[in-house]
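Below is one structure, written out as structure tokens; the observations come after it.
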Amino acid sequence: MFASALLSIALLATTAFAAPPSRGARMESRLSRRREGAHLSGPSQRLEESNLIGGNTYTNYSSNWAGAVYDSAAGTYKSVTGTFVVPTPKAPSSGSGCYSAAAWVGIDGDTCGTAILQTGVDFTISSGKVSYDAWYEWYPDYAYDFSGIPISAGDTIKLTVTATSTKAGSAVIENVSTGKTVTKSLTSSAALCEKNAEWIVEDFDENNSQVPFANFGTVAFTGASATTGSGSVGPSGATILDIKQSGTVLTSVSTGSSSVTISYV
């Protein structure tokens, strides 16, 4: 009888340990990993090559950034904004497992790699399931999730970062489709150079290595502008960056007077 009772207890314990975690527990685990520095949107990893794509327009390559980047030696960028429609990520044609990408706007991180003020949205496809995370970051600190702003495929999202000084600023994400807005005031000991303004899709780092890059389809930033001490500029004069990994170009980028279109190829 005693042995039977012990066996029943052991079986119950085994069942408890084998049960899959609840959705809430999985989410808390993910948030804990993010708090511990799992997600890091870092400086552009430029590759020493470029390609003339027409006229005098050059595409420059990076292993982690695709998009448009301004560089001002004077260091004058105070705010960057852009709006995009959330895509549905897919696994690459030859892949299976978990894949991610992030769309964001930011100040610094290209020619000034010591600090970045940025905000954006992650897209993840894992075993056929799609998820999204809205976040803010002041590099070299890692990314933190916003709460209270659910995001779904097809939502229109407006991103804005503003530097009120080189060590203080704000990150704002507005879900135009649902009317929800979240704002975070930030301070950092890592001073911005205010040399770069950018609209980016990134193959970000997680646990010290780049995540497998998702097929994100197309991210088209509209209403894109960067504010300087003397006015504002659109992306048409910015440097184009495409992601190139293992000798293969994974993206195609084009710019307009107020747009940046980034496509997975």
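Filtering the range 91-108 down to residues that are touching a strand residue (DSSP E or B) at 6+ places or on another chain (Cβ under 6 Å) and in a loop (DSSP other than H, G, I, E, B), which residue is modelled with the highest pLDDT? Write out each step before concluding.
Step one: list which residues in the range 91-108 are touching a strand residue (DSSP E or B) at 6+ places or on another chain (Cβ under 6 Å), which gives 91-92, 98-108.
Right, trim to in a loop (DSSP other than H, G, I, E, B) and you get 91-92, 108.
Numbers: Ala91: 94, Pro92: 91, Asp108: 97.
Checked the range 91-108; the qualifying residue modelled with the highest pLDDT is Asp108.
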So, Glu198, is that one farther than 21 Å from Leu40 by Cβ, in contact (Cβ under 8 Å) with a residue 24 or more places away in the chain, crowded, with 21+ Cβ neighbours inside 10 Å and charged (D, E, K, R) or not?
no
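So, in the range 142-173, exactly how many residues are in a strand (DSSP E or B) and over 18 Å from Ile107 (Cβ atoms)? Show your work before the answer.
Residues of the range 142-173 in a strand (DSSP E or B): 144-145, 156-165, 168-173.
Checking the rest, the ones that are also over 18 Å from Ile107 (Cβ atoms) come to 145, 156-157.
Number satisfying all stated conditions: 3.
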Subset of the range 174-195 that is assigned to a strand (DSSP E or B) and of a type in the set (D, E, K, R) - its residue that is surrounded by the most Cβ atoms within 10 Å (Cβ to Cβ)
Glu174
Scope the range 168-188; condition of a type in the set (D, E, K, R) and closer than 13 Å to Thr119 by Cα; matching residues:
Glu174, Lys184
Of the listed residues (Val249, Val253), the one being touching a residue at least 24 places away in the same chain (Cβ under 8 Å), in contact with a Leu (Cβ under 8 Å, 6 or more places away or on another chain) and over 21 Å from Ser131 (Cα atoms) is Val253
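Here is a yes/no grid of residues against (1) aromatic (Phe, Trp, Tyr); (2) in contact with an Asp or Glu (Cβ under 8 Å, 6 or more places away or on another chain); (3) at negative phi:
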| site | (1), (2), (3) |
| --- | --- |
| Asn196 | no, yes, yes |
| Pro212 | no, no, yes |
| Val219 | no, no, yes |
| Gly231 | no, no, no |
| Ser236 | no, no, yes |
| Asp242 | no, no, yes |
| Thr248 | no, no, yes |
| Thr255 | no, no, yes |
| Val260 | no, no, yes |
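Scan the range 71-78 and give yes if some residue there is closer than 17 Å to Val201 by Cα and at pLDDT 95 or above, otherwise no.
no
Any idea which of Thr111, Thr88, Thr119 is in a strand (DSSP E or B) and of a type in the set (Ser, Thr, Tyr)? It would help to see each step written out before you state the result.
On the way: Thr111 fails: in a strand (DSSP E or B); Thr88 fails: in a strand (DSSP E or B).
Residue meeting the stated conditions: Thr119.
The values are calculated or read from the model by the stated rules, or taken from the named source; none is laboratory data. As the structure is a computational prediction, the values presented were derived from the model and not from experiment. Heads up, the Cβs are rebuilt from the backbone with ideal geometry, glycines too, and the neighbour counts pull from every protein chain shown.
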